[in-house]
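Throughout, read-outs are computed from the coordinates displayed, never taken from laboratory work. Worth saying up front: this structure is predicted, and the values here are computed from it rather than measured. All Cβ positions, even for glycine, are placed from backbone atoms using ideal geometry, and neighbour counts span all protein chains on display.
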Amino acid sequence: MSDFRRFINCLRSLAATLILCGAVAACATAPTDPVEREIYEEANDPAQPLNEAIFEFNLALDKAVLRPVAKAYEFALPDLVRDGVRNFLRYLKTPVILANDLMQGEVERAGDTLGRFLFNTIGGFGVFDVAGSGGLEYHEEDFGQTLAVWGVGEGPYLMLPFLGPSSGRDLAGFIVDSGLDPFRWWGYNSDRPVIENNTFIRAGAEAIDTRSRNYKQLEDLEETSLDFYATVRSLYRQQRNSLIRNGADADEAIPDMSFDDADMDVLDTVSDASGTLPANTVAD
Amino acid sequence: MIRIGFLVGLTAFFLAFGVGLQDRSEPRAGFGSVAHASDDAGSFIMNLADRAIGALTDPSLDDSVRAERFRELVRDSLDVDFIAGRVLGPYVRRATDMEMAEFRNLLEENIVRKYSVMFKSYSGQKIELLDTKEGSRESTTVSILVHSTDGAPPSTVRWIVHEVDGKNKIIDIVVERASMVTTQKEEFVSVIRRGGGKVEALLQELRERNAELAQSRS
């Protein structure tokens with residue numbers, strides 16, 4: 001099979017997932033009650049029943065496979081080795097990050113990415129992050145963020161099997177990034193198993209590495225949350241929005257996170273009312 | 001590829017209350033001789049951290065004593081009324097006076113139970129005041145840097161503070177990328193929605209959860 005055909009097949013299965021989500025979305029009707037409608041629109045999760053089923057699947061998979069493996073990985077290997085693994089995985093992402101830096105017109109950040117690549121190639125064989133120690137810190141960039149910078153809307157929230165939380169925009173970004181990744185194309189053109197399957201190997205290693213670093217936090221979060229699905233959805237969106245702004249001042253983020261005027265007017269009244277909230281206050 | 005990188009900032013979520021100044025000789029940036037609102041907010045947060053570390057981190061402290069001490073700090077420095085109104089989202093318009101009053105108390109209890117135990121694991125993280133900025137609606141954003149003790153990069157925590165009757169009160173804590181109020185709001189709204197749009201569904205959940213927390217940690 002030609003490598004192009006393989007890539008198209010991959011796109012096709014992703015498209016099928018999208019269509020399925022679309023079908024579910026079409027079935028779920030928006031509520032008519034104004035309060036419920038506002039909540040429905042804020043959640044921006046029209047395929048929620050399907051997303052939740054996939055979330056359950058991902059969690060089960062995590063408990064059965066990823067978590068034990070990540071725990072063993074953390075237990076078996078010293079920090080130095082695990083950091084090396086992470087540095088190398090990041091190193092291999094350089095082309096995709098650089099392309100997206102440039103597409104977003106972030107010349108300085110593109111320079112950082114390129115500089116990191118040079119320093120870490122020469123001084124660290126890709127495994128040691130000498131550039132990071134010198135102050136050229138790693139940053140993430142992907143086509144989902146590029147689309148956001150270009151003004152493309154977020155699209156509905158999506159929970160992808162194996163891949164976790166996403167959105168229409170981030171799924172499109174993921175597909176484009178996959179196409180941009182030269183190592184994937186190298187894999188298509190190679191018969192050596194390690195090269196041929198490098199995309200999957202990298203994805204697996206990254207999953208294990210990330211999971212091993214978040215072991216405790218995720219546990220605490222799942223334990224303390226009253227609705228883990230909603231918590232993850234909220235955190236995913238907040239994290240993506242911050243990445244899109246390149247971590248820039250959250251000053252603008254704080255108002256639009258939730259401090260809209262209608263809400264605040266209610267609360268102004270509330271604060272005046274010495275602690276008790278008025279019943280059924282209508283904001284507008 | 002698995003997108004759980006967004007969890008990275010969460011360690012700090014659980015440290016947000018459990019951090020403070022160890023090295024008191026460290027210079028506190030931003031404290032000029034001219035006192036104005038944002039400086040006040042900055043020193044308010046730093047003092048609060050000092051008090052929390054002093055009163056709560058002793059590992060030999062009884063859990064119930066720690067919880068009560070933490071409750072005092074919460075009542076003194078967190079605008080629970082304000083937060084209670086925000087985390088219900090649009091459902092705040094449906095809540096009756098009685099539901100709202102009970103919710104406010106359940107929320108305070110939940111915060112106290114959930115976070116007071118986390119001070120036990122405090123291991124000397126240092127904090128540093130980064131800056132204070134005037135925000136929207138007469139709020140002030142106090143940014144602090146939390147230095148980890150295990151060599152991991154420091155994390156940023158932003159405290160959103162406003163004044164109530166001339167006293168500083170916290171209305172949100174933003175850890176790395178996550179606002180506590182926003183996250184709680186989506187969680188609570190979802191619980192109510194699953195419970196058929198009734199605020200009572202959330203109250204029930206919180207009552208049960210608080211009872212569990214009180215039991216497992218007393």
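Some notes on this structure:
- Database remark: amide H of B:Ala178 closer than 5 angstrom to no amide H (H placed geometrically; neighbours at sequence offset of 5 or more, or on other chains; Pro and chain starts carry no H).
- Unsatisfied cross-links (Cα-Cα over 25 Å) in the set B:Lys114/B:Lys169; A:Lys63/B:Lys126; B:Lys120/B:Lys167; A:Lys216/B:Lys120; B:Lys133/B:Lys169; B:Lys169/B:Lys198: A:Lys63/B:Lys126; B:Lys120/B:Lys167; B:Lys169/B:Lys198
- Region A:152-206 and region B:162-189 have Cα centres separated by 36 Å.
- The calculated FRET efficiency for the pair B:Glu134 and A:Ser190, based on their C-beta separation and a Förster distance of 45 Å, comes to about 0.20.
- Shielding value for A:221-230 is 6, the average number of Cβ atoms from other chains within 10 Å of each residue's Cβ.
- Altogether, the Stokes-Einstein calculation at 37 °C and 0.692 mPa s, with the Kirkwood radius of region B:93-189 over Cα pairs as Rh, returns a diffusion coefficient of 209 µm²/s.
- Karplus (6.51, -1.76, 1.60) ³J(HN,Hα), θ = phi - 60°, over region A:99-104, in Hz, Gly and Pro reported as x: 4, 6, 3, 5, 5, 8
- Vicinal HN-Hα couplings computed from phi for region A:142-148 (Karplus, 6.51 cos²θ - 1.76 cosθ + 1.60; Hz; Gly/Pro x): 8, 6, x, 5, 4, 4, 5
- Gain in span if fully extended, A:Val152 to A:Asp83, counting 0.36 nm per residue against the direct Cα distance: 21.3 nm
- In summary, no lysines lie within cross-link reach of A:Lys93, defined as a Cα separation below 22 angstrom excluding same-chain residues under 8 places away.
- Once the Cα-Cα distance is subtracted from the 0.36 nm per residue extended length, the A:Leu92 to A:Ala76 segment shows a gain of 3.4 nm.
- Each of A:Phe75, A:Phe119 was scored by other Cβ atoms within 10 Å of its Cβ. Arranged with the fewest first, they read A:Phe75, A:Phe119.
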